[in-house]
Amino acid sequence: EGDMAEVQVRTGFAQRLRALTRAAHEEAESRPFVRALLAGRVEADGFAALLAQHYFAYRVLEDAADRMRSDLIAGPFVSDRLHRLSALESDLHYYLGPDWRGLIRPSAATEVYCARLREVCFDRPECFVAHHYTRYLGDLSGGQVLRAALSRSLGLVDDGGFAFLTFEEIPNRPRFKDAYRTLLDTAGWDGAAENRIIAEVRHAFALNAAVLDELGRRLVPPIPRPRR
Ligand code: VER
């Protein structure tokens with residue numbers, strides 16, 4: 001309750017998970033498409049293309065969340081305040097118009113990502129938590145950096161088109177993330193289970209990076225090679 005509350009030092013699973021997946025995070029956040037987004041080199045249609053791919057993945061992930069809601073271990077991680085599907089729907093409507101559903105389709109990398117989500121998130125609570133963590137903690141962290149960059153480069157005056165990156169029901173994001181990390185710390189996994197989660201988070205980062213690379217190939221003009 002005293003001074004120590006301010007400088008709480010964590011040594012639990014949440015901190016280990018973060019440290020042991022840092023390289024995978026750096027890989028994901030250094031994809032050319034992400035760089036382009038952060039540098040303001042992606043137009044609204046490019047951001048809409050990213051949202052469209054997210055739509056397919058979150059549909060599966062949030063279906064799994066409904067299944068996992070009553071799970072003893074995974075259940076406490078599930079929170080409707082995090083869920084992004086209706087936000088994605090309203091953003092896609094904003095960018096693509098009322099017929100948006102007919103205008104989007106999953107890329108090959110998104111198909112691979114969704115197949116993995118279907119394979120492991122519905123009956124393996126640890127794997128569900130791994131995928132849940134990778135997306136939502138990312139949305140609550142890097143997603144906010146992205147939001148600031150995009151609102152500058154796309155110059156949107158209102159919040160239209162930004163529902164996905166806006167957590168209206170989570171006004172205090174640091175506190176929410178802290179509570180989430182406490183759940184990770186206190187879930188009671190043994191070493192083998194923790195290792196399975198770490199491996200699945202790394203896998204989740206790689207699946208996300210592949211989706212981003214595919215978007216990058218479509219949207220970022222390749223650097224011309226010098227002619228010889
Ligand atoms: Fe990351 N992220 N990130 N991120 N992120 C943080 C934490 C975090 C950042 C910044 C930050 C991704 O991309 C970005 C993830 C997951 C992901 C900070 C903290 C930036 C600037 C970008 C690029 C826009 C991507 C692509 C992902 C996953 C798909 C997680 C899971 C976490 C939580 C780490 C933890 O345990 O605290 C500043």
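The values are calculated or read from the model by the stated rules, or taken from the named source; none is laboratory data. Please read these numbers as outputs of a predicted model, since none were measured by experiment. Virtual Cβ from ideal backbone geometry, glycine too; neighbours counted across all protein chains shown. Accessible surface is based on the protein model in full, side chains and every heavy atom, while ligands, DNA and RNA are left aside. Shrake-Rupley method; radii C 1.70, N 1.55, O 1.52, S 1.80 Å.
General remarks:
- Accessible solvent surface per residue of the chain, calculated while the other protein chains remain in place, 1.4 angstrom probe, Å²: 55
- Ellipsoid semi-axes for the chain, based on the Cα gyration tensor and the rule √(5λ), read 30, 20, 20 Å when sorted largest first.
- Along its principal axes, the range 153-194 has C-alpha extents of 48, 20, 14 angstrom, given from the largest down.
- Relative packing of peptides 203-214, 138-149 - highest average C-beta neighbours within 10 Å first: 203-214, 138-149
- Cα gyration tensor shape of the range 8-126, rounded if a/c is under 1.5, else prolate or oblate by comparing a/b with b/c: oblate
- Farthest toward positive dipole pole in the chain [+1 Lys/Arg, -1 Asp/Glu at C-beta], among M68, V112, L92: V112
- Taking 0.36 nm per residue of separation and subtracting the Cα-Cα distance, full extension of the segment from R69 to E26 would add 12.4 nm.
- Solvent-accessible area, 1.4 Å probe, carbon plus sulfur percent, for the chain: 51
- Cα gyration tensor shape of the range 94-174, rounded if a/c is under 1.5, else prolate or oblate by comparing a/b with b/c: oblate
- Helix runs (DSSP H) in the chain reaching 27 Å along axis by Cα, Kyte-Doolittle at least -1.0: 44-68, 191-219
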